[in-house]
Amino acid sequence: MEIEKKKTKYIFITGGVLSSLGKGLAAAAIGALLECRGLTITMQKLDPYINVDPGTMNPFQHGEVYVTDDGAETDLDLGHYERYTSAKLGQKHNFTSGRIYHSVITKERRGEYNGGTVQVIPHITDEIKKAIHGLEGEADVAIVEIGGTIGDIEGQPFIEAIRQFRLDVGRADTLFIHVTWVPYLKTAGEVKTKPTQHSVKELRAIGIQPDILLCRTAVELNKGLKQKISLFCNVPTDAVITARDVDTIYEVPLHFHNEGLDTKILELLGVWTGAPKIEPWQELVRKLKAPMHKVTIAIIGKYVDLTESYKSLHESLVHGGVANDSQVDLVYINAEELESGDVDELLADVHGILVPGGFGKRGVEGKILAITYAREKKIPFFGICLGMQMAVVEFARNVAGMSKANSAEFDKDSKAQVIYLMKEWFDPRTGVTHVRDEESDIGGTMRLGSYPCEITKKTFADKAYGCKKIDERHRHRFEFNPEFRDKLEKKGLVISGTSADNNLVEIVEIADHPWFLACQFHPEFKSRPMTPHPLFRDFIKAGLEYAGKE
Ligand code: GLN
């Protein structure tokens, strides 16, 4: 018997006035609320920039690259989507202009347009609509967020495509939500609706009448203001929703619910559900707002000025805090500062040290200094990806006496490349053997996405996961060099996680330490507020125990 595919309804989310209004979070929160209503949801981000994917983009400019199970390097908003909902996302949930154009131009070169003139309308817009239709049948509701702000030149084909999409699919199955800004002007002592009016005017000029407005404000919008926005923007008053600034981002779904947003969405989409089960979110916010304990964690990184580049990491630490009823205070320390500064002083008041992933030489010696400090002073240590590689280098240099030990990424000629470039590796998911060398492009030659790992008994990893087989997401080119495995193990490095064939080292530890664990994968991509990742949970726990000891 053929299983009947679900008829999917589509919610499109656009942004107005300016960026950074929290459109991605709003989309994720809507997803969460609809799941609380018992609906299944999926999510997609359409990004107007020309890069084919964010994989090669500088995190300084664009924030973290979020990696999915299938190895897609995506926009960080997909991280919000996966954290707030149970949607399983991948390649088909993030498209950029670059990717859309790439596929249209490839078709043109192959002669698939039969010599016709290839144009933005209909060819690019058709390709965009095809990407959106790719979600059909996946869930009851697909939430599609358009990156950028109305009026951006690059974004126009996407806006045009969603206008056409509603025409194709029908009004009953589509909804337009516009996230806008209602600033509070101190000098005037009032909030201003004009930017919102302009933004909606611009949307309407393209042919889109928003059904719901999410007005980002610092203050509550009263009835009179909502009526004014309603009148000028042609949106019913009860569809003008306040998106007020909140203390924790996990409060957003609750706030939207109190504003009646989920009820309004279901009414407009013609969907009936029972009352929402929002208790888990209430419980989460309660825990976040009144924690019993407090712990300070240092993150030793390169992009320290921009917490956006460590988004998932930051959230995972917060989740680890929730699991331990603890507030987690994060101090971002620039690794380069450690090289020239006083390590003791810079790390004096922290209860845990975390060295996250990263690329490039800048700051790596500072990271190694922080690792030595954590190892010697027995401060809980958590290394992730580059952090794991540097923990291995640190151990090789300072415990195993290999003073020239390094990663091939930073010393091409070292005879002690404890971290090396693996020329070939097997992907058990696809059965494909990947090949690369020093000359390979940086895009597309990384070990990406979810890979299985087997855990060694009686280790920190075993204690945390409590099971033998796990899957975690990767994004790196370099690996632990098996040539040095015996030597390092003899000196006390514990290998607590490997690939099933035992060729790839995935987790290392130091046993004679309260908690010292470093993993080649990125656990931060799989932590959820309701189900904190076990490694973050145990790292924070160790930090609290250390704090208690002080
Ligand atoms: N630069 C290292 C590598 O490519 C680590 C990457 C990372 O931390 N994500 O292997």
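The values are calculated or read from the model by the stated rules, or taken from the named source; none is laboratory data. Everything numeric in this text was worked out from a predicted model, so none of it was measured. Here the Cβ positions follow ideal geometry from the backbone for every residue, glycine too, while neighbour counts run over all protein chains shown. Calculation scope for accessible area: heavy atoms of the full protein, side chains included, ligands and nucleic acids excluded. Shrake-Rupley method; radii C 1.70, N 1.55, O 1.52, S 1.80 Å.
Regarding the stretch 169-181, can at least one residue be identified that is in contact with a Ser or Thr (Cβ under 6 Å, 6 or more places away or on another chain) and farther than 30 Å from ARG83 by Cα? No, there is no match, as no residue in the stretch 169-181 is in contact with a Ser or Thr (Cβ under 6 Å, 6 or more places away or on another chain) and farther than 30 Å from ARG83 by Cα. Restricting the first member to the stretch 187-208 and to residues that are over 15 Å from GLY151 (Cβ atoms), and the second to residues that are exposed (fewer than 14 other Cβ atoms within 10 Å of the Cβ) and not aliphatic (A, V, I, L, M), the beta-carbon pairs closer than 9 Å and six or more apart or on different chains are GLU190/TYR184; VAL191/TYR184; LYS192/TYR184.
Looking at LEU535, LEU544, LEU517, just one residue is open to solvent by 10 Å² or more (accessible area, probe 1.4 Å) and hydrophobic (A, V, I, L, M, F, W, C), and that residue is LEU544. Only residues that are of a type in the set (S, T, N, Q), over 25 Å from LEU317 (Cβ atoms) and open to solvent by less than 40 Å² (accessible area, probe 1.4 Å) were counted across the stretch 236-262, and they come to 1.
Scanning the stretch 307-333 for residues that are touching a helix residue (DSSP H, G or I) at 6+ places or on another chain (Cβ under 7 Å), modelled with pLDDT under 95, of a type in the set (A, V, I, L, M, F, W, C) and open to solvent by 20 Å² or more (accessible area, probe 1.4 Å) turns up just one, LEU330.
Whenever a residue of the stretch 500-518 is over 9 Å from PHE460 (Cβ atoms), its partners that are modelled with pLDDT of 95 or more and among the polar types (S, T, N, Q), lying with C-beta atoms within less than 6 angstrom and at least six residues away or across chains, give the pairs VAL505/THR498; GLU506/THR498; GLU506/GLN520. Here is the figure for the stretch 488-524: residues that are of a type in the set (Gly, Ala, Ser) and within 16 Å of the ligand (Cβ to nearest atom) total 2. The sole residue among THR14, THR74 that is buried (at least 23 other Cβ atoms within 10 Å of the Cβ), closer than 26 Å to ARG163 by Cβ and modelled with pLDDT of 95 or more is THR14.
Criterion first (assigned to a strand (DSSP E or B), open to solvent by 10 Å² or more (accessible area, probe 1.4 Å) and either within 23 Å of GLY22 (Cα to Cα) or of a type in the set (S, T, N, Q) (or both)) does THR273 satisfy it? Considered against the rule, which asks whether it is assigned to a strand (DSSP E or B), open to solvent by 10 Å² or more (accessible area, probe 1.4 Å) and either within 23 Å of GLY22 (Cα to Cα) or of a type in the set (S, T, N, Q) (or both), THR273 comes out as no. In the stretch 334-426, counting only helices (runs of 4 or more DSSP H) that sit wholly within it, the ones holding 3 or more residues that are modelled with pLDDT of 95 or more and within 15 Å of the ligand (Cβ to nearest atom) span 364-377, 386-398.
Among the residues making up the stretch 200-227, those that are under 20 Å from PRO157 (Cα atoms) and out of contact with any His (no Cβ under 7 Å at 6 or more places or on another chain) are LYS201, GLU202, ARG204, ALA205, ILE206, GLY207, ILE208, GLN209.
Among residues of the stretch 476-488 that are of a type in the set (Ser, Thr, Tyr), none has a Cβ under 9 angstrom from a residue that is near the ligand (Cβ under 10 Å from one of its atoms) and in a strand (DSSP E or B) at a sequence gap of 6+ or on a separate chain. When the residues of the stretch 77-92 are filtered to those that are among the basic types (Lys, Arg) and assigned to a helix (DSSP H, G or I), which remaining residue is least open to solvent (accessible area, probe 1.4 Å)? Applying the filter and picking the extreme gives ARG83. Selection within the stretch 210-234: residues that are in contact with a Cys (Cβ under 9 Å, 6 or more places away or on another chain) and farther than 13 Å from GLY15 by Cβ. The member of this set that is surrounded by the most Cβ atoms within 10 Å (Cβ to Cβ) is ILE229. Filter the stretch 469-481 for residues that are open to solvent by 30 Å² or more (accessible area, probe 1.4 Å) and at pLDDT 95 or above; which is farthest from VAL65 (Cα to Cα)? Ranking the qualifying residues of the stretch 469-481, first place goes to LYS469. For the stretch 159-263, the helices (runs of 4 or more DSSP H) that sit wholly inside it and include 1 or more residues that are within 20 Å of ILE278 (Cβ to Cβ) are 252-258. Note on the stretch 520-532: residues that are farther than 17 Å from CYS453 by Cβ and either open to solvent by 10 Å² or more (accessible area, probe 1.4 Å) or free of Cβ contacts under 8 Å to residues at least 12 places away in the same chain (or both) total 4. The lone criterion from (1) part of a helix (DSSP H, G or I); (2) among the polar types (S, T, N, Q); (3) open to solvent by 20 Å² or more (accessible area, probe 1.4 Å) left unmet by THR125 is number (3).
The number of residues in the stretch 18-51 being basic (Lys, Arg) and touching a strand residue (DSSP E or B) at 6+ places or on another chain (Cβ under 7 Å) comes to 2. Does the stretch 535-550 include one or more residues that are free of Cβ contacts under 8 Å to residues at least 40 places away in the same chain and not acidic (Asp, Glu)? Yes, there is a match, as at least one residue in the stretch 535-550 is free of Cβ contacts under 8 Å to residues at least 40 places away in the same chain and not acidic (Asp, Glu). Of everything in the stretch 334-381 that is under 24 Å from PHE525 (Cβ atoms) and aromatic (Phe, Trp, Tyr), the residue that is surrounded by the most Cβ atoms within 10 Å (Cβ to Cβ) is PHE381.
Would you confirm whether or not the stretch 231-245 contains a residue that is in contact (Cβ under 8 Å) with a residue 40 or more places away in the chain and out of contact with any Gly (no Cβ under 8 Å at 6 or more places or on another chain)? Looking for residues that are in contact (Cβ under 8 Å) with a residue 40 or more places away in the chain and out of contact with any Gly (no Cβ under 8 Å at 6 or more places or on another chain), one finds none in the stretch 231-245, hence no.
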